[in-house]
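Step one of this worksheet: look at the structure below.
The values are calculated or read from the model by the stated rules, or taken from the named source; none is laboratory data. Here the structure is a predicted model, which means the values were calculated and not measured. Methodologically, a virtual Cβ is constructed for each residue, glycine included, from the backbone with ideal geometry; neighbour enumeration extends over all protein chains shown.
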Amino acid sequence: MVGATALPTTASAGQEDDVDPNRVARGKPLKFVKGVPAYASGRAPAYLRTKAQLAAVRRKPAAGQRPAAYVYVHWYGTRVALWDPEQSVKMRPLSALQRRQMQQRRTCTDCGEAFEVPVWGMCGVCRDREARRLADLRRRTCQDCGTVFRTPAPARSWGDGMCLACDERRERGRRVALSLVDRSCQRCLVQLVPLTVWAAMNERERAVAAWHCAPCDQEIEQERIEAPRLSDRARWDDLGPTIAWAQKILADPDAYAVLDTETTGLTATSRIVEIAVTTASGTVLLDTLINPGGEPIPAEATAIHKITDAMVEDAPTFSEVLPRLTEALAGRRIVIYNRDYDTGRLGWELHLHHQAQGTVDFTKHPRYGARRHAAAQAWLDAQAWEECAMEQYAAFFGDWHDYWGSYTWQKLGGGHRALGDARAVISRLEEMAAYPSPFENAAAPAAA
């Protein structure tokens with residue numbers, strides 16, 4: 001019965017003479033697959049055959065025949081079925097056409113020698129000989145005109161495989177092309193200088209010759225003029241609001257106050273040594289030096305704003321200037337370049353002022369968490385602070401910083417004196433407000 005396949009056995013002690021060695025497994029199975037043993041390579045019984053081995057003798061597994069064993073033939077575990085040749089059946093005899101086709105596959109098409117395995121065309125020896133012949137033919141053939149020479153073509157500037165005639169012709173064409181490019185418009189390739197005139201020019205004259213024709217020069221100039229406008233259109237969502245902000249301030253300049261201070265340093269406890277307040281139209285409301293309460297001005301601060309201890313020795317203190325400052329800011333919205341820094345210095349001076357009054361009423365700063373006098377915070381909260389002029393101008397200038405993910409702050413350029421810096425802020429506002437719209441006849445998007 002075909003389905004009842006006899007499984008391989010391992011001979012026990014004392015039975016080696018009664019069992020055919022070829023039918024005995026040469027090792028224990030690694031595992032069983034649906035009841036069929038699976039061996040490592042070289043451990044299965046020697047009499048078992050694969051399908052390819054059966055086909056070599058024109059046999060095949062019978063219908064319904066189960067594998068007698070499996071064997072793992074590769075390190076990555078490919079499993080191949082092994083069959084009992086006694087239970088296999090003969091294949092159908094080959095037809096004359098099949099035998100002829102098999103013979104053709106096993107016969108070299110060049111030397112005619114027949115092999116036991118298919119060679120699919122030429123055998124290895126003939127294939128190598130043909131490859132050498134083709135390589136030699138290629139070396140003796142000009143790759144441009146196709147002429148076959150007796151010896152390999154010499155190497156020239158354009159590489160191997162080109163005859164002298166083709167190399168010279170290619171070199172002449174290259175020189176003509178370079179000459180045409182040198183004396184033609186670099187944009188539209190229209191010839192600018194005739195060949196006869198170009199040949200009579202020296203190297204210096206050729207170097208300073210025109211690179212573009214007149215129409216292309218006009219196009220390039222127009223593109224140069226249009227490039228900033230295209231950039232402005234692309235970032236109008238950031239640029240538009242800054243222009244509208246500056247125009248809003250200059251439309252009613254007396255309703256806005258521009259404030260600037262000079263200090264003893266950049267720390268949280270630095271003192272104010274000068275303060276100036278103007279309207280957005282430039283009217284001076286307050287401009288005075290301030291005595292920092294006897295605190296010396298560091299040399300590095302003096303090197304920047306040129307204010308010395310002698311200059312502020314007889315100046316009023318912040319407490320004396322506070323009423324005038326409050327009056328100058330009353331009813332106006334306040335514009336400051338680097339708002340957070342200046343309001344921080346004002347808050348510290350107010351804290352010291354109220355602390356000197358003998359009152360103790362501290363509150364926590366909403367942003368930094370530091371303790372500050374409640375009256376100082378109330379004075380700051382009572383003012384109408386505008387957007388930071390430095391951040392607005394940075395967005396207007398458009399120098400984007402990829403690392404910080406924001407626009408780079410620009411220097412004010414007011415000379416580091418309070419009144420000069422305040423006037424410089426007004427100049428920046430006028431610059432932003434007068435900036436032309438990048439949209440020509442089309443209506444600009446509404447600024448946010």
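Things worth noting here:
- Of all residues in the stretch 382-406 being assigned to a loop (DSSP other than H, G, I, E, B) and of a type in the set (A, V, I, L, M, F, W, C), the one that is modelled with the lowest pLDDT: W404
- For the stretch 93-128, the set of residues classified as among the charged types (D, E, K, R) and either in a helix (DSSP H, G or I) or assigned by TED's automatic domain parsing to the domain that holds R59 (or both) consists of R99, R100, R105, R127, D128, listed by residue number.
- In the stretch 308-379, counting only helices (runs of 4 or more DSSP H) that sit wholly within it, the ones holding 2 or more residues that are within 51 Å of the chain's Cα centre (by Cα), closer than 19 Å to D287 by Cα and modelled with pLDDT under 95 span 339-356.
- Of the criteria (1) among the acidic types (D, E); (2) modelled with pLDDT of 90 or more; (3) surrounded by 12 or more Cβ atoms within 10 Å (Cβ to Cβ), which one D237 fails: (3)
- Residue count, the stretch 184-207 (criterion: of a type in the set (G, A, S), at pLDDT below 85 and within 41 Å of the chain's Cα centre (by Cα)): 1
So that you can scan it fast, the table gives a plain yes or no per residue for (1) in contact with a Pro (Cβ under 8 Å, 6 or more places away or on another chain); (2) surrounded by fewer than 17 Cβ atoms within 10 Å (Cβ to Cβ); (3) at pLDDT below 90:
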| position | (1), (2), (3) |
| --- | --- |
| T10 | no, yes, yes |
| D20 | no, yes, yes |
| P37 | yes, no, no |
| Q53 | no, yes, no |
| V71 | no, no, no |
| L97 | no, yes, no |
| R100 | no, yes, no |
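- Among the residues here, G414 qualifies as closer than 30 Å to H353 by Cα and in a loop (DSSP other than H, G, I, E, B).
- Test for A210: is it at pLDDT below 85, assigned to a helix (DSSP H, G or I), of a type in the set (A, V, I, L, M) and outside the structural domain of R333 (by TED's automatic domain parsing): no
- Residues within the stretch 252-280 that are touching a strand residue (DSSP E or B) at 6+ places or on another chain (Cβ under 9 Å) and over 15 Å from R333 (Cβ atoms), tallied: 12
- A251 vs. criteria within 30 Å of T278 (Cα to Cα), without any contact (Cβ under 8 Å) to a residue 60 or more places away in the chain and touching a helix residue (DSSP H, G or I) at 6+ places or on another chain (Cβ under 9 Å): yes
- Number of residues in the stretch 127-142 that are under 26 Å from Q103 (Cβ atoms) and either touching a Ser or Thr at 6+ places or on another chain (Cβ under 8 Å) or among the acidic types (D, E) (or both) equals 2.
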